[in-house]
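All remarks here apply to the structure that follows.
The values are calculated or read from the model by the stated rules, or taken from the named source; none is laboratory data. Quick caveat: nothing in here was measured; it's all calculated off a predicted structure. Note that we place each Cβ from the backbone using ideal geometry, even for glycine, and neighbour counts take in every protein chain shown. The accessibility values were calculated without ligands, DNA or RNA, using every heavy atom of the protein model including side chains. Shrake-Rupley method; radii C 1.70, N 1.55, O 1.52, S 1.80 Å.
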Amino acid sequence: QVQLVESGGGLVQPGGSLRLSCAASGRTFSSYAMGWFRQAPGKEREFVAGINWSGYLTNYADSVKGRFTISRDNAKNTLYLQMNSLQPEDTAVYYCAPTDGSSWRREFRSWGQGTQVTVSS
């Protein structure tokens, strides 16, 4: 079973940037559409961005369009999220997961610990 480890979060000022990484174990990473999700305190986990298996197709939540860029490097079994123009409302724990549309795959059970992104002045 694939295991996912998120990293790259931290504390950043409004307007700043972070680059998140999601490292996948196993040899099946390139077979899956992947995405980033986030969960703020007291909120449901929400879709942020998705990317198809080849990296050619992407989609984003309206709240992050124009600011975030999802990408993947299948040779490195790694998913990325470049986050620019960060705002306090982006504060959340960010997770990666295989996706189906704008949600995680029904069979997915192995969420990582996520990586904390805090945007504050």
GluC sites (Glu not before Pro) within region 29-121: DSSP coil, no more than 10 neighbouring Cβ in 10 Å
Glu44, Glu107
How do Asp90, Asp62 rank by accessible surface area computed with a 1.4 Å probe, from largest to smallest?
Asp62, Asp90
Give the calculated FRET efficiency between Ser7 and Ser102 to the nearest 0.05, with a Förster radius of 25 Å applied to their Cβ-Cβ distance.
0.60
Taking 0.36 nm per residue of sequence separation and subtracting the Cα-Cα distance, how much length would be gained by fully extending the chain between Ser17 and Lys76, in nm to one decimal?
19.0 nm
What's the magnitude of the charge dipole for region 1-68 around its Cα centre, counting Lys and Arg as +1 and Asp and Glu as -1 at the beta-carbon? Answer in Debye, nearest 20.
100
With every protein chain present, what accessible area does Arg67 have (1.4 Å probe, heavy atoms only), rounded to the nearest 10 Å²?
40
Note down the magnitude of the dipole of the chain about its Cα centre, charges +1 on Lys and Arg C-beta and -1 on Asp and Glu C-beta and zero elsewhere, to the nearest 20 debye.
240
Ignoring ligands, DNA and RNA, what percent of the 1.4 Å accessible area of region 1-117 is carbon and sulfur?
47
Using +1 at the C-beta of Lys and Arg and -1 at the C-beta of Asp and Glu, which of Ala49, Ser110, Tyr95 has the Cα lying farthest in the positive direction of the dipole of the chain?
Ser110
With just the Cα atoms of the chain, tell me how far they stretch along each of the three principal axes, in Å, largest first.
41, 28, 23
